[in-house]
């Protein structure tokens, strides 16, 4: 009988492999970082080969640290970063470094797309707002700017496809939950949208093959088993995009269940049993389960903002952490706790990787507003934590305006390691937030879907009932919520002033000018 499930989360900045027993206990994990390249402001490339190699190293380390017999691992499921553009040639080899979802180089192509189709019609057909995040805009950019690479490209695939192929799948498969990010998929009818494909001169043969999450697509070859520590012949199963896996890993499979994940990106997701239209920039994607959809809001930077603060500003805490063995993030949380709610009036605009939902402004840039000689680093770090959550609150406004039922909110991502950040979330949302036992919810969701693919579970529902456990709930403080609602209105006003006043556009133009120098 199978004893364990493996979940591999191939994220934006690193890969994590976790092994779970059939009660959902994490009995072994390992993490390997890899980097992104930033050749110009707004450009983000990644090396596919390095990503795959580090993923396999993480697997080998996780299996070794767990002490389990690899033959007792029933399946391998995958969670992968979404909307990554991976051009491959006829032999399946990368044509160029893959272009990240964070990349905003295709702004001009989006403007040209807008000449062919209105924002409203594109949204009604695809479930996505027009923007630089989706593959179609990067494909058009390559067609115009890298014609030789474009001519060599046979397929444009995503990370799920790339990783499955590297682990032994016979062809490039895209899980259904990731299909929307090609930018030419009809999320409502779950099929290709012919009008969009004709408009942008693409066809299905250029993309990965759509497949249902929780499907087995091969078994692990001996050559890959030697690199990963898994047993040859272990079932390889389609998982889902990282955020879709996180939703499953937090048990959000019923309409009205919401999740917020603060990781490299930030996602606010509400599960619905209808593909609801008209959410002012919210993405509509397919849930891992049939006849379910997700209303998604995307923050491009989210917890990356605190990582930037750690790397660029928190040198004192970083040095102290090296001396004491503490995490720099723990020291930053202690520092932030010395600043009161509202961060002394410092407002952080968290657009370090441009603005996602609901603004979709590739000119937007990060900013600290309200600084004075009275402010210190405690105010700065707390304002970063608050600013990230205010952007999520901005997304939730779309749900509230549509009177959608939000029965519960579960939170995940690395930010849940901070009790202060959890409390800030509850206070800003004005709702209780639940935490789950397994904080690596993306890896758990991937493992769960692998279990479905290998028939360990008869359904996703059975997998959730077996593996997912809620462990805590953080209540909001009414007075702090009232204060944060006032701050949120100030946040919205500040954004409009920076945008409509031309500040964002002017700064973006300066950066582009310096780029060309």
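Give the residue that is nearest to the chain's Cα centre (by Cα), with candidates limited to residues of segment 158-177 that are over 21 Å from residue 59 (Cβ atoms) and either crowded, with 23+ Cβ neighbours inside 10 Å or touching a residue at least 60 places away in the same chain (Cβ under 8 Å) (or both).
Residue satisfying both the conditions and the ranking: 177.
Of everything in segment 394-413 that's touching a helix residue (DSSP H, G or I) at 6+ places or on another chain (Cβ under 8 Å) and under 21 Å from residue 242 (Cα atoms), which residue is modelled with the lowest pLDDT?
Filtering segment 394-413 for residues that are touching a helix residue (DSSP H, G or I) at 6+ places or on another chain (Cβ under 8 Å) and under 21 Å from residue 242 (Cα atoms), the one modelled with the lowest pLDDT comes out as 413.
Is it true that residue 371 is in a loop (DSSP other than H, G, I, E, B) and farther than 21 Å from residue 399 by Cα?
yes
Read through the list (1) under 25 Å from the mean Cα position of the chain (by Cα); (2) surrounded by 18 or more Cβ atoms within 10 Å (Cβ to Cβ); (3) farther than 22 Å from residue 92 by Cβ, then give the number of the only condition that residue 229 fails.
Against the list (1) under 25 Å from the mean Cα position of the chain (by Cα); (2) surrounded by 18 or more Cβ atoms within 10 Å (Cβ to Cβ); (3) farther than 22 Å from residue 92 by Cβ, residue 229 comes up short only on (1).
Quick one: would you say residue 181 is part of a strand (DSSP E or B), crowded, with 21+ Cβ neighbours inside 10 Å and within 21 Å of the chain's Cα centre (by Cα)?
no
Take segment 282-319 and flag every residue that is part of a helix (DSSP H, G or I) and either surrounded by 14 or more Cβ atoms within 10 Å (Cβ to Cβ) or under 16 Å from the mean Cα position of the chain (by Cα) (or both).
Correct list: 304, 305, 306, 307, 308, 309, 310, 317, 318.
What about residue 217, is it surrounded by fewer than 24 Cβ atoms within 10 Å (Cβ to Cβ), part of a strand (DSSP E or B), modelled with pLDDT of 95 or more and at negative phi?
Spelling it out, residue 217 is indeed surrounded by fewer than 24 Cβ atoms within 10 Å (Cβ to Cβ), part of a strand (DSSP E or B), modelled with pLDDT of 95 or more and at negative phi.
I'd like the full set of residues that are more than 21 Å from residue 388 (Cβ to Cβ) and either in contact (Cβ under 8 Å) with a residue 60 or more places away in the chain or in the same structural domain as residue 20 (by TED's automatic domain parsing) (or both), limited to segment 256-273.
Within segment 256-273, 256, 257, 272 meet the criteria.
Inside segment 75-96, can you point out the residues that are part of a strand (DSSP E or B) and either surrounded by 24 or more Cβ atoms within 10 Å (Cβ to Cβ) or in contact with a helix residue (DSSP H, G or I) (Cβ under 6 Å, 6 or more places away or on another chain) (or both)?
75, 76, 77, 78, 79, 80, 85, 86, 87, 94
For residue 258, all conditions in the list (1) buried (at least 24 other Cβ atoms within 10 Å of the Cβ); (2) within 18 Å of the chain's Cα centre (by Cα); (3) more than 22 Å from residue 465 (Cβ to Cβ) hold save one; what is the number of the exception?
Result: residue 258 passes all but (3).
The values are calculated or read from the model by the stated rules, or taken from the named source; none is laboratory data. These numbers were taken from a predicted model, which means no experiment stands behind them. As a convention, Cβ positions derive from the backbone with ideal geometry for all residues, glycine included, and neighbour counts pool all protein chains shown.
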